[in-house]
1. If you line up the long axis of helix 3-24 against the longest principal axis of the chain, both from Cα atoms, how many degrees apart are they, to the nearest 10?
2. Dipole of the range 32-309, Cα-centred, from +1 at each Lys and Arg C-beta and -1 at each Asp and Glu C-beta, to the nearest 20 debye?
3. Once the mean 1/r over all distinct Cα pairs of the chain is inverted, what Kirkwood radius in angstroms do you read off?
4. Helix-derived [θ] at 222 nm for the chain: sum -39500 (n - 2.57) over DSSP H runs of at least 4, divide by residue count, nearest 500?
5. Would you grab the residues whose amide H sits under 5 Å from the one on residue 33? Only those 5+ places off in sequence or on another chain, please, with H modelled 1.01 Å from N.
6. At q = 0.10, 0.13, 0.15 Å⁻¹, what base-10 log of I(q)/I(0) does the Debye formula yield for the range 134-281 when every alpha carbon is treated as an equal point scatterer in vacuo?
7. For the chain, compute the number of Lys pairs whose alpha carbons are separated by less than 20 Å, excluding pairs fewer than 8 positions apart on the same chain.
8. Put +1 on the Cβ of each Lys and Arg and -1 on the Cβ of each Asp and Glu in the chain; which of 282, 78, 176 then has its Cα farthest toward the positive end of the dipole?
Amino acid sequence: MNRTIFFLLLTSLLVSAHTHADDRVSARYTGPIIDMHVHAYDESQPMFGMPHPPTLRGETYTAVTTPEEQWEKTLEQFQRHNIVKALTSDGQLWVHKDPGRILVSARNIPEEEIISLHSAGRLAAIGELNPFYGGIRADHPSQAPLFALAETLGVPVGFHIMPGGPPGAIYSLGMVKVRVANANPRQLEEVLVRHPRLKVYIIHGGWPYVDDLKAMLYAHPQLYVDISAINWALPAAELHSYLKSLINAGFGDRIMFGSDQMVWPQTIEVAVESVNSSDLSVEQKAAIFYDNAARFLGLSDKEIASHKRE
Ligand SMILES: [Zn+2]
């Protein structure tokens with residue numbers, strides 16, 4: 001075969017492979033992403049260096065070992081996946097490094113500090129609140145002041161429910177106060193009614209209470225969910241059917257992407273891929289990855305336009 005024919009043949013093979021690849025991935029979303037659930041830690045965090053125990057997918061994850069490495073590897077994931085905003089618990093630790101991307105979600109600090117972050121224009125949310133690990137529900141009196149404060153300041157609250165830690169963490173990791181009895185999203189109902197201007201999102205999607213969650217989303221239009229952790233800790237088929245069920249019920253405009261990256265940066269990649277590999281339409285994926293969170297967080301039209309242009 002002469003060289004010209006060889007190159008023509010090669011080119012046509014490459015073109016056809018490319019076309020097929022495009023068909024296969026035509027429903028993939030490639031636009032900007034908002035991650036509604038990320039953690040920044042200082043050196044006191046005991047999870048540094050701890051591999052993640054096997055998830056229900058049978059996967060384990062290697063941990064970063066220092067706060068510096070946590071930031072660098074997390075940023076790498078943000079850049080690779082076009083994550084333009086990251087609502088970060090304890091984000092005060094990171095916001096100076098990347099003020100355009102990091103949104104501060106405050107927790108475990110005195111109320112006066114939350115108020116002063118707000119006055120400085122640096123408070124995007126309160127959370128993640130996770131009294132679940134202490135055996136306490138959202139409607140317990142101890143939680144009331146933070147919900148009241150969030151309503152007064154006009155910032156949303158991220159509230160963690162199920163799942164708590166890896167499977168069986170009550171026994172294997174000493175999470176002795178975790179109880180399924182405290183995991184139902186209905187525990188937020190009286191809080192929502194008491195604070196009608198409060199915006200709440202349930203962290204981890206309210207899984208696995210799909211029917212109770214639909215009832216809550218129906219009754220309380222201000223309620224949103226993120227799908228952090230359940231997008232890397234559950235088998236993809238379970239995530240997909242959970243999403244499908246909520247979207248079929250008409251709640252596709254209140255589901256937001258989140259990763260819950262702690263010390264395992266690879267979970268971001270798995271989380272993004274889990275949504276992108278579903279058979280949802282590109283529009284449904286865009287709603288989850290960006291549009292719903294942009295609305296929930298109240299991003300300006302100007303900022304949204306700049307994210308979409310990039
Ligand atoms: Zn979290």
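1. Approximately 30 degrees, to the nearest ten.
2. On the way: 23 positive and 31 negative charges, 103 e Å.
It comes to approximately 500 debye.
3. Numbers: mean 1/r = 0.0490 Å⁻¹.
One decimal place: 20.4 Å for the Kirkwood radius.
4. Calculated from helices alone, the mean residue ellipticity at 222 nm is -11500 deg cm²/dmol.
5. Here 83, 84, 85 satisfy the definition.
6. -0.35, -0.60, -0.80
7. Lysine pairs, 8 or more places apart or on different chains, close enough: 12.
8. Toward the positive end, the furthest listed residue is 282.
Every number here is computed from the coordinates shown, using simple stated rules; none is lab data. Note that the structure is predicted; figures quoted are calculated from it, not measured. Methodologically, a virtual Cβ is constructed for each residue, glycine included, from the backbone with ideal geometry; neighbour enumeration extends over all protein chains shown.
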